[in-house]
Structures are given as structure tokens and as C-alpha cells.
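The values are calculated or read from the model by the stated rules, or taken from the named source; none is laboratory data. Fair warning: this is a prediction, and the values are worked out from it, not measured in the lab. Note that we place each Cβ from the backbone using ideal geometry, even for glycine, and neighbour counts take in every protein chain shown.
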Amino acid sequence: MYEFIINFLEGPVPVEAYLIVSAIMFFAGVYGFISRKNLMMILISVELMLNAADLNFAVFNRYLYPGQLEGMFFTLFSIAVAACETAVAIAIIINIYRNMQDVDVEQLDELKG
């Protein structure tokens, strides 16, 4: 077992390792999105899913086009869009909190009336 770990760590990191980490991140985000009731935690879960997709963009760019940077630029653009989306979502959550003193998803039905 020890030799396997040493051989694994000596060479370059395989693509499968990045994809496993990305899949774990994505499914942790999906679980958090489904199971949480706080709007901030739901937002963090969505960001985790977006970061998993960004990791896939970077990995596939390095695997398919080793000398080019198109995937990296797409990832940077995606990060910028996610940052803008987060700023708008936090502003909305703050306004909801000011009006209702709570950010539970179940309490938001009061805003519909």
C-alpha cells in the first residue's frame, strides 16, 4: 500500500483525481442545496457547484489542449460571473432579512401575499 501511494505522488496528478475531487464538490453542493433551509447556505452550495464546474473546465483544457489557455479564460469569466451573481444574491438576502428578520426558505411564503 505504501509503495502505491509513493508511486502515485511521484508522477503528475492524473486527470481522474481532479475529476473525482470535482464530483465530490458538485455532489456536496447538490446535497447542501437540497437539505438546507437557510438562504445563505443555499447560496454557498450553489457556489460550490459552480466551482466544481470551473475545475472541470480547467482540467479538460489542460487534458485536451495542453498548450492553450481557452479553458482557463472561460474559467476566469465564469468566476467573474459567479462573483457578480453572489453579490446580487447577498443583496437580496440582506433585504429579505431586514424585512422579515429571518432568512429561512419556509418563511418566504409570507412575501408572496
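Tabulated data for the structure shown
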{"read-out": "Subset of the stretch 64-92 [more than 19 Å from the chain's Cα centre (by Cα), part of a helix (DSSP H, G or I) and modelled with pLDDT under 85]", "value": "Glu70"}
{"read-out": "Extreme residue, farthest from Asp104 (Cα to Cα), among residues of the stretch 23-80 that are surrounded by 13 or more Cβ atoms within 10 Å (Cβ to Cβ) and among the aromatic types (Phe, Trp, Tyr)", "value": "Tyr63"}
{"read-out": "Exclusive hit being at pLDDT below 90, closer than 18 Å to Met25 by Cβ and part of a helix (DSSP H, G or I), set Asn99, Asn61", "value": "Asn61"}
{"read-out": "Test: residue in the stretch 14-22 that is surrounded by fewer than 11 Cβ atoms within 10 Å (Cβ to Cβ) and modelled with pLDDT under 90", "value": "yes"}
{"read-out": "Residue match in the stretch 36-51 (condition: free of Cβ contacts under 8 Å to residues at least 12 places away in the same chain, in contact with a Gly (Cβ under 9 Å, 6 or more places away or on another chain) and either assigned to a helix (DSSP H, G or I) or on the phi > 0 side of the Ramachandran plot (or both))", "value": "yes"}
{"read-out": "Residue within the stretch 102-110 that is in a helix (DSSP H, G or I), at pLDDT 80 or above and surrounded by 13 or more Cβ atoms within 10 Å (Cβ to Cβ) present", "value": "no"}
